[in-house]
Amino acid sequence: MSKSVIHLENASIGFSPDNPLIKNLNLDVNQGEIVAIAGPSGIGKTTLLRTIAGLVPMLDGEMTLFGRNSKASRGELGYIPQRLGLIRHASVYHNVLLGALTSTAGAWFPFSFEARRRTLESIDAMGISEKKRTPIRLLSGGQQRRVATARTLAQQPSIILADEFLGELDEETMESVLSKVTNYVRTNNATLIVVEHDISRAKRMADHLLILDDGQLNPFVDQPIAMQISMRLDKELDI
Amino acid sequence: MSDSGSKESKSRDVDGDQVTSGDSIESKVDFIAIASRFWYSSRWFLLFIGLLVVAFRVTNSMDPNWGRLANTNNNLVTFFQESLWPPDWSVIEAQAYPPCLAAPGLSFTCSTAWLGMIETLKIAFVATILGMTISFPLSLLASRNLSPNWVSYPARFLLAGSRSLPSIIWALFFVIVIGFGPLSGILAMTVYTIGYLGKLQYETIEGIDRGPLEASKAMGHGWFERSFGVILPESANGLISQVIFMFEYNFRHGTVIGIVGAGGIGYYINLYLKFLQYDKVIAYLIIIFIVVLILDVVSIYARSLFTEDGDVRRPSWWSILLPPSMLRNKED
Ligand SMILES: Nc1ncnc2c1ncn2[C@@H]1O[C@H](COP(=O)(O)OP(=O)(O)OP(=O)(O)O)[C@@H](O)[C@H]1O
Ligand SMILES: [Mg+2]
């Protein structure tokens, strides 16, 4: 029996109550699951993740995390933003440490050996060890993305929200990053929601693939494109 | 506004030529379009002209007696020849008392100009450090992207209060409360620094990228970690260059506070003003001018090290001192 970790009920998500991006959303994500979300650009995928992360207030409805009716507590939730949110003038080490220290007990940052160990470990896992003293602004796009991923792994969260974290990576690096993250999720029985544009990649990594469209989150239907278009037409024409 | 009217009529003439064969309704529409386009493209310039006119009229309303300007030249020449020039450079000679203990070549370090200047520099330095120490936490509280309104407004009020009076008024206040001397100067400038630097700092903090803050919020950082782990490194360049600017600013203003007895070179300026020894005063002023100029250049250079944003590697302090050939193999 797996327990529901993220539970949304009749949720309205967006920025204006008159015109929400997502209406009446019901979503249940269980512990240990990997859910991928795809959908057209500007439809509200990032906004959905930010809402779950507690950064955007819900317009309507209910949300519970771990069965609790409150925001995730310190270190519980890892967020890899689409725009990464790294401190540009600080080093890779510093940025990743900021993740590690949220879940290492009783330590303020420069002094915790456990935080330090985890930081170095996840920097290493992302293959950017030789850059650990480099400020973020001097890194390439893909390297920066891996720093953001390392920061979340160092945090060892129970929920990971990843917004296109595999972008800008070559095939080989992408595979390695992907396997590190899915490994973490599987071995720790954590939960991962990932926004992913590449449908085949999304299907491969995820237990469920959801498509966000028309303000609704629907299961992905694997059918030839022609079929999908005709289904859509049917829906629109109300046949 | 009258300016725009004349241009409008000009554009109507042009239109009239064009539509002699056409109907008049179209020419009217065109005129409005062109007028509004003219207004739109030059509105900032017209606004500026308007402000100049207002400034002139305000001056007139204060009864400036423009005729007095006519004598300025004569006054200046007389004053200059009879009391200002040449400067009395005895101010950089050692004072008769207390006896100068410095090596013979360094006797200028016993002069009033040197002593006053060094004291002013010391006051500015201490006030900047103390002020920064107090203003940074206050500016964190005052930033609206970090603190709720009920915290940020009182903090802003405090900062606004301490910079609402110029440092010379604060100096006057502290001289009255704790007496003459550099300690009053330090306190006065510290208070002013808190207000002024604090404002610069919270504006910098409010201007930082929202991304790192959101990531920090999602991870669940506390106030302390967010302030010193996220905000401080993210805005460090701006904050450092503001502190350097503030030191320079405090030095410039520190030359004045001595006039009310709060220490520094201003003390001597005030002294010789009272004795009407303007040739000594001008010597001090020239020295201040030169030192301010030097400090200004140093400050601009020092700040340029902290304002970069891009792919250029910022020179570190030691790399400035070493020749480039020694640095090349140190790059990693
Ligand atoms: N802070 C905001 N305030 C108001 N509107 C916003 C805000 N942030 C995003 N939006 C709008 O919400 C809509 C959805 O944005 P969102 O970033 O969630 O899209 P997305 O599905 O992640 O798109 P993409 O695939 O391009 O990243 C967009 O139209 C955007 O303009
Ligand atoms: Mg997005």
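Below are the figures for this structure:
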{"read-out": "Test: A:GLN143 is away from chain B (no Cβ under 12 Å), buried (at least 17 other Cβ atoms within 10 Å of the Cβ), closer than 23 Å to B:ILE208 by Cα and in contact (Cβ under 8 Å) with a residue 12 or more places away in the chain", "value": "yes"}
{"read-out": "Test: A:PRO135 is within 16 Å of ligand 2 (Cβ to nearest atom) and either closer than 28 Å to B:PHE306 by Cα or not aromatic (Phe, Trp, Tyr) (or both)", "value": "no"}
{"read-out": "Per-region count, the range A:132-163, residues of a type in the set (D, E, K, R), in contact with a strand residue (DSSP E or B) (Cβ under 9 Å, 6 or more places away or on another chain) and assigned to a helix (DSSP H, G or I)", "value": "2"}
{"read-out": "Boolean, A:LEU166 is within 14 Å of another protein chain (Cβ to nearest Cβ), within 16 Å of ligand 2 (Cβ to nearest atom) and not in a helix (DSSP H, G or I)", "value": "no"}
{"read-out": "Matching residues in the range A:151-167 - criterion: being within 14 Å of ligand 1 (Cβ to nearest atom) and at positive phi", "value": "A:GLU164"}
{"read-out": "Single match in A:LEU55, A:LEU86, A:LEU59 (criterion: closer than 30 Å to A:LEU212 by Cα and in contact with a strand residue (DSSP E or B) (Cβ under 7 Å, 6 or more places away or on another chain))", "value": "A:LEU59"}
{"read-out": "Failed item in (1) buried (at least 17 other Cβ atoms within 10 Å of the Cβ); (2) more than 30 Å from A:ARG145 (Cα to Cα), with B:PRO154 passing the rest", "value": "(1)"}
{"read-out": "Residue satisfying all of: in the range A:93-103; under 19 Å from the mean Cα position of the chain (by Cα) and either outside any helix (DSSP H, G or I) or in contact (Cβ under 8 Å) with a residue 60 or more places away in the chain (or both); farthest from the other protein chains (Cβ to nearest Cβ) among these", "value": "A:SER103"}
{"read-out": "The range A:185-216 - residue that is assigned to a strand (DSSP E or B) and away from ligand 2 (no atom under 16 Å from the Cβ) and, of those, modelled with the lowest pLDDT", "value": "A:GLN216"}
{"read-out": "The lone exception for A:ARG68 - which of (1) within 16 Å of ligand 1 (Cβ to nearest atom); (2) over 27 Å from B:GLY229 (Cα atoms) it fails", "value": "(1)"}
{"read-out": "Condition check for B:GLY310: surrounded by 15 or more Cβ atoms within 10 Å (Cβ to Cβ), outside any helix (DSSP H, G or I) and either modelled with pLDDT under 85 or not assigned by TED's automatic domain parsing to the domain that holds B:PRO148 (or both)", "value": "no"}
{"read-out": "Residue match in the range B:61-71 (condition: part of a helix (DSSP H, G or I) and either within 21 Å of B:LYS280 (Cα to Cα) or modelled with pLDDT of 80 or more (or both))", "value": "yes"}
{"read-out": "Test: A:ALA36 is within 16 Å of ligand 1 (Cβ to nearest atom), within 30 Å of A:LEU139 (Cβ to Cβ) and either surrounded by fewer than 16 Cβ atoms within 10 Å (Cβ to Cβ) or away from chain B (no Cβ under 14 Å) (or both)", "value": "yes"}
{"read-out": "Pick from the range A:138-159, criterion within 16 Å of ligand 2 (Cβ to nearest atom) and in contact with a helix residue (DSSP H, G or I) (Cβ under 9 Å, 6 or more places away or on another chain), ranking: nearest to B:PRO233 (Cα to Cα)", "value": "A:ALA148"}
{"read-out": "Scope the range A:46-65; condition within 15 Å of ligand 1 (Cβ to nearest atom) and of a type in the set (Gly, Ala, Ser); matching residues", "value": "A:ALA53, A:GLY54"}
{"read-out": "Members of the range A:12-32 found to be closer than 22 Å to A:GLY67 by Cα and touching a Pro at 6+ places or on another chain (Cβ under 9 Å), listed by number", "value": "A:SER12, A:ILE13"}
{"read-out": "Residues (more than 16 Å from the chain's Cα centre (by Cα) and more than 10 Å from ligand 1 (Cβ to nearest atom)) located in the range A:21-33", "value": "A:LYS23, A:ASN24, A:LEU25, A:ASN26"}
{"read-out": "Tally of residues being of a type in the set (S, T, N, Q) and under 14 Å from A:ILE211 (Cα atoms) across the range A:1-52", "value": "3"}
{"read-out": "Qualifying positions in the range B:218-234 - surrounded by fewer than 18 Cβ atoms within 10 Å (Cβ to Cβ) and either within 20 Å of A:SER70 (Cβ to Cβ) or touching a helix residue (DSSP H, G or I) at 6+ places or on another chain (Cβ under 9 Å) (or both)", "value": "B:GLY222, B:TRP223, B:PHE228, B:LEU232"}
{"read-out": "Residue count for the range A:39-76, restricted to those that are within 12 Å of chain B (Cβ to nearest Cβ), within 16 Å of ligand 2 (Cβ to nearest atom) and not aliphatic (A, V, I, L, M)", "value": "3"}
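The values are calculated or read from the model by the stated rules, or taken from the named source; none is laboratory data. Everything quoted here is computed from the prediction, not taken from an experiment. Don't worry about glycine lacking a Cβ; one is built from the backbone with ideal geometry, like all the others, and counts go over all protein chains shown.
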